[in-house]
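These notes concern the structure reproduced below.
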Amino acid sequence: MKQKLSVKPIRSARDRKAFLELPWSIYRDDPAWVPPLRFDRAQQISERSNPFFRHARWQGFVAWDGDTPVGRISAQIDDLNKDLGRPTLGYFGMLEAIDDAAVFAALLQAAETWLRERGMTTLLGPFNLGINQELGLLVEGFETPPYFMMTHGRPYYAAHVAAAGYTVAKELHAYEVSPAFVHPPLM
């Protein structure tokens, strides 16, 4: 960090734009990254457009190095968890950042604080934003484009998240199948 690191919640159109546009700077030299449709990402975090927000609340955060966005994260609470016996479960997601442990730690701390202030005591992630959207943290396969419903990431993400005290809750696997694959009758 060249200047003082700050993490701020999305409050303005400028913050929202920084949150949405940050991946383009993180992956600018990554040939395996497939840029999402900007319109789709804007709709994803729109509380008016995304049906997820009929039962969920969220807050996005942007990490700044002076006037330059260097990271982002979301924190979300799905109120349906109350009916499932998990009333204190919160989530983080949409995590993107430069290769700097302090940025990751500050982003995760911002999400944790927001969730704790709302009574959440357990945190899972990444979920972008809920279980029916992209989820997980890529730990291998960086040389291939992201698979359906899986996140993409940089090789340093897992180490920085682990350094902040997070452990693996569940392993997710993506499978590559040839279009010529003929499934056995049992399938």
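The values are calculated or read from the model by the stated rules, or taken from the named source; none is laboratory data. Only a predicted model underlies this, so the values are computations on that prediction, with no experimental measurement involved. In this analysis, Cβ positions are derived from the backbone assuming ideal geometry, glycine residues included, and neighbour counts consider all displayed protein chains. Accessible surface is based on the protein model in full, side chains and every heavy atom, while ligands, DNA and RNA are left aside. Shrake-Rupley method; radii C 1.70, N 1.55, O 1.52, S 1.80 Å.
I'm trying to understand the selection: among the residues of the range 1-27, which are in a helix (DSSP H, G or I), touching a residue at least 40 places away in the same chain (Cβ under 8 Å) and open to solvent by less than 40 Å² (accessible area, probe 1.4 Å)? Matches in the range 1-27: Asp15, Ala18, Phe19, Leu22, Pro23, Ile26. Determine whether the range 84-101 contains at least one residue that is out of contact with any Asp or Glu (no Cβ under 7 Å at 6 or more places or on another chain), modelled with pLDDT of 95 or more, crowded, with 21+ Cβ neighbours inside 10 Å and among the acidic types (Asp, Glu). Among the residues of the range 84-101, at least one is out of contact with any Asp or Glu (no Cβ under 7 Å at 6 or more places or on another chain), modelled with pLDDT of 95 or more, crowded, with 21+ Cβ neighbours inside 10 Å and among the acidic types (Asp, Glu), which makes the answer yes. Looking across the range 72-97, the residues that are touching a Phe, Trp or Tyr at 6+ places or on another chain (Cβ under 7 Å) and of a type in the set (Gly, Ala, Ser) come down to Ser74, Ala75, Gly93, Ala97. Filtering the range 121-180 to residues that are assigned to a loop (DSSP other than H, G, I, E, B), in contact (Cβ under 8 Å) with a residue 60 or more places away in the chain and surrounded by 14 or more Cβ atoms within 10 Å (Cβ to Cβ) leaves Leu129, Gly130, Gln133, Phe142, Pro146, His152, Arg154, Ala164. Go through the range 28-50 and give me each residue that's surrounded by 13 or more Cβ atoms within 10 Å (Cβ to Cβ) and under 17 Å from Val62 (Cα atoms). Those that are surrounded by 13 or more Cβ atoms within 10 Å (Cβ to Cβ) and under 17 Å from Val62 (Cα atoms): Arg41, Ala42, Gln44, Ile45.
Looking only at residues in the range 51-67 that are in contact (Cβ under 8 Å) with a residue 60 or more places away in the chain and open to solvent by 20 Å² or more (accessible area, probe 1.4 Å), which one is farthest from the chain's Cα centre (by Cα)?
Here is the first cut: in the range 51-67, the ones in contact (Cβ under 8 Å) with a residue 60 or more places away in the chain are 52, 56-58, 65-66.
From the residues that got through so far, the ones that are open to solvent by 20 Å² or more (accessible area, probe 1.4 Å) too are 52, 57-58, 65-66.
Numbers: Phe52: 15, Arg57: 15, Trp58: 12, Asp65: 20, Gly66: 23 Å.
In this case the residue turns out to be Gly66.
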